[in-house]
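Read the structure below first, then the notes.
The values are calculated or read from the model by the stated rules, or taken from the named source; none is laboratory data. If you're wondering where the values come from, they're calculated on a predicted model, not measured in any experiment. Cβ placement follows ideal geometry from the backbone for every residue including glycine, while neighbour counts extend to all protein chains displayed.
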Amino acid sequence: MVDESRLIPLAKSLIATNSESPPGREAEVAAVLREHMEAHGVGCKSVGDADRPNLIFYSHDYELGELVIHGHMDTVPVGPIEAWDYDPFAGEIVDGRLYGRGSCDMKGPLAALAESMIQYSEEGHETPLIMLATSDEESGCSGAEAVATSGILKGIRYGVCAEPTSLDVLVGEKGMLWTKLIARGKSAHGSRPEEGVNAIELCMKAIRQIKETDFPYEETELMGAPTLNLGLIEGGIKINVVPDRCDASLDMRIVKGQTIVSVLEKMRSVLNNSFDGHVEVEYVHGKDAVLTPTDAEIVDVTLDAVESKAGKRPIPTSATYGTDCSVLQPKIGILNVICGPGSIEQAHQPNEFIEIKEMTTSVEIYLEIARHFDSS
């Protein structure tokens, strides 16, 4: 049985502790989580900056096993408070739902991971279980990067990421490539536009060119097609001046068969050929797509656990959004699945909530997975 008298108060305490990113305030929520875990006999090490720590919890005296269960401690900002019907930091429970910023993304799931660790430790298994709680997942996964660089999880084979999936099982995620197009024109008086070169018009043409370009990829049912979104555009200084610069920020989600390097090279080639150096592309941030083979042991074990405890056997798919798996998988070699309570449709929204029943079911699922690797 899941101990809701531990699970729910911890989730409420985590929600009540502001860890909005930006600016990044994970130290206080990390202290809440660490105090709770150590009070129940679970050891902890901290990696990275003291202001933005990453916590590694151990069921067995700082020993590693095959499996790490993981989530992040930061949240996106609350946004306009008037959009909320519930106090975003109160952790109110209404009709079986726990409300608050981070309730599903992902302080509720984090509490479920913590309860799974505590219960697994109390059961006295031979095989160690590890739990990771990271900082800065929402703004770039620098916490996961610090953990990977430290080498502290080297040798762990499998991971379960508790991002909210409504207890569906995701076996990968699209990559991300953020770029900035910089168009440079020539300034002139707005009454004599023929004497200038309009950088906004140049930039708009470049955007259309990029959107019409074929970026080859490997078509798979799991990951689907790449996407491109124009997120920001800025140019000009005044209505009666021909703009000499315009910047456009593009968010491309890349898939199997594409890499950051290959897509960037194609973008630069297209722009150089069409705009003779007047439009360039600047790399901002990115991560390649990751995909766990569907025949990997962690996939079968997770599907079996969800079927056993939630009464459904999901069809594996992949995430359109990014997670810490994009770092832990390529840089440490951990094969991940993503499976957690709560709906991704609630993430980053006003009145964010998680179903308490899903939280308790997820604890049973994580324990089932961990017990498999203890007995295998």
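Observations on the structure shown:
- Scanning segment 321-363 for residues that are closer than 24 Å to Gly311 by Cβ, assigned to a loop (DSSP other than H, G, I, E, B) and of a type in the set (D, E, K, R) gives a single hit, Glu345.
- Near pairs, Cβ below 8 angstrom, 6+ apart or cross-chain, from segment 206-220 (of a type in the set (Phe, Trp, Tyr)) to any residue that is in a loop (DSSP other than H, G, I, E, B): Phe215/Pro226; Phe215/Gln258; Tyr217/Ala225; Tyr217/Pro226; Tyr217/Val255; Tyr217/Lys256; Tyr217/Gly257; Tyr217/Gln258
- Some residue of segment 136-158 being crowded, with 18+ Cβ neighbours inside 10 Å, assigned by TED's automatic domain parsing to the domain that holds Arg34 and among the aromatic types (Phe, Trp, Tyr): yes
- Any hit, segment 23-42, residues being aliphatic (A, V, I, L, M), surrounded by 17 or more Cβ atoms within 10 Å (Cβ to Cβ), at pLDDT 95 or above and under 15 Å from Cys104 (Cα atoms): no
- Against the criterion of being touching a Phe, Trp or Tyr at 6+ places or on another chain (Cβ under 9 Å) and on the phi > 0 side of the Ramachandran plot, Gly257 qualifies.
- Asn336 meets the conditions (1) closer than 19 Å to Ser139 by Cα; (2) crowded, with 23+ Cβ neighbours inside 10 Å; (3) of a type in the set (S, T, N, Q) in every case but one. The failed one is (1).
- When Ile210 is tested against (1) part of a helix (DSSP H, G or I); (2) farther than 27 Å from Gly257 by Cα, just one condition goes unmet, and that condition is (2).
- Any hit, segment 281-294, residues being within 30 Å of Arg371 (Cα to Cα), surrounded by 19 or more Cβ atoms within 10 Å (Cβ to Cβ) and of a type in the set (S, T, N, Q): yes
- Failed item in (1) in contact (Cβ under 8 Å) with a residue 60 or more places away in the chain; (2) touching a Ser or Thr at 6+ places or on another chain (Cβ under 7 Å); (3) not aromatic (Phe, Trp, Tyr), with Gly196 passing the rest: (1)
- Entry remark, segment 175-207: residues being of a type in the set (Ser, Thr, Tyr) and part of a strand (DSSP E or B) number 1 in total.
- Among (1) under 30 Å from Lys186 (Cα atoms); (2) touching a residue at least 40 places away in the same chain (Cβ under 8 Å); (3) part of a strand (DSSP E or B), the one test that Arg253 misses: (1)
- Selection count where residues are of a type in the set (Phe, Trp, Tyr) and farther than 21 Å from Gln346 by Cβ, scope segment 48-104: 3
- Yes/no for Val284 being of a type outside the set (Lys, Arg) and outside any helix (DSSP H, G or I): yes
- Among (1) farther than 18 Å from Ile365 by Cα; (2) surrounded by fewer than 22 Cβ atoms within 10 Å (Cβ to Cβ) - the single one Glu122 does not satisfy: (1)
- Checking each residue in segment 263-281 for being in a helix (DSSP H, G or I) and touching a residue at least 12 places away in the same chain (Cβ under 8 Å) picks out Val263, Leu264, Lys266, Met267, Arg268, Val270, Leu271, Ser274, Phe275.
- One residue stands out in segment 54-88 among those that are surrounded by 24 or more Cβ atoms within 10 Å (Cβ to Cβ) and outside any strand (DSSP E or B): the one that is farthest from the chain's Cα centre (by Cα), namely Ser59.
- Any chance Gly91 is assigned by TED's automatic domain parsing to the domain that holds Ser362, touching a Lys or Arg at 6+ places or on another chain (Cβ under 8 Å), surrounded by fewer than 14 Cβ atoms within 10 Å (Cβ to Cβ) and farther than 21 Å from Glu122 by Cα: no
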